[in-house]
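J.: Please see the structure below; I have some questions.
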Amino acid sequence: GAGGGAMAEGEGLVSVDYEVSGKVQGVFFRKYTQGEAKRLGLVGWVQNTSHGTVRGRVQGPAARVRELQEWLRTVGSPQSRITRAEFSNEKKIAAPEHEDFQILK
């Protein structure tokens, strides 16, 4: 969809929540996710859940967020086995709501 003539620098920022299922705990998944997000210049957070998944939020330029989504779906950490990656609550944001990309306990 082509939008109107927005004068934003580059492209719009987006915020997306994610949850990754599979063998994703105890395999440095959060550390690698943080590293990949920082490499892409994204902010947000990642944490383990009590039911064995990893979830979080990522914010940044849409194209970069797409790259991380693809990474979460298909790559992950070397020891991980991803069975499913779900994304929700995607929305445009005016500015990032986080300082950096953190691993939450």
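J.: When ranked by the protection proxy of mean other Cβ atoms within 10 Å per residue, highest first, what sequence do the peptides 87-96, 32-41 form?
T.: In decreasing order of mean packing, 87-96, 32-41 become 32-41, 87-96.
J.: Right, here's the next one. Under 13 Å from the Cβ of ASN89, count the other residues' Cβ atoms, weight Lys and Arg +1, Asp and Glu -1, and hand me the total.
T.: With Lys, Arg at +1 and Asp, Glu at -1, the net is -1.
J.: Over the chain, what percent of the accessible surface lies on carbon and sulfur atoms, probe 1.4 Å?
T.: About 48 percent, which is the carbon plus sulfur part of the accessible surface.
J.: Which aspartates and glutamates does LYS38 reach when only Cα atoms under 16 Å apart count, and residues fewer than 8 places away in its own chain are ignored?
T.: GLU67, GLU70, GLU97, GLU99, ASP100
J.: Report, largest value first, the span of the C-alpha coordinates of the stretch 13-103 along each principal axis, in whole Å.
T.: So the three principal-axis extents are 35, 22, 22 Å.
J.: Next question. Could you work out the relative contact order of the chain? I mean the mean sequence separation of Cα pairs under 8 Å and 6+ apart, divided by the number of residues, in percent.
T.: RCO, the chain: 43 percent.
J.: What's the angle, to the nearest 10 degrees (0 to 90), between helix 29-39's Cα axis and the longest principal axis of the chain?
T.: The angle comes out at about 30 degrees.
J.: Moving to a separate point now. May I ask for the angle, rounded to the nearest 10°, between helix 62-74 and the longest principal axis of the chain, with both axes built from Cα atoms and the value confined to 0 to 90°?
T.: 20
J.: Ignoring ligands, DNA and RNA, what accessible area per residue does the stretch 13-103 give at 1.4 Å, in Å²?
T.: 54
The values are calculated or read from the model by the stated rules, or taken from the named source; none is laboratory data. As the structure is a computational prediction, the values presented were derived from the model and not from experiment. Every residue, glycine among them, receives a Cβ derived from its backbone with ideal geometry; neighbour counts consider all protein chains shown. Just so you know, the surface numbers come from the protein's heavy atoms only, side chains and all, with ligands and any DNA or RNA stripped out. Shrake-Rupley method; radii C 1.70, N 1.55, O 1.52, S 1.80 Å.
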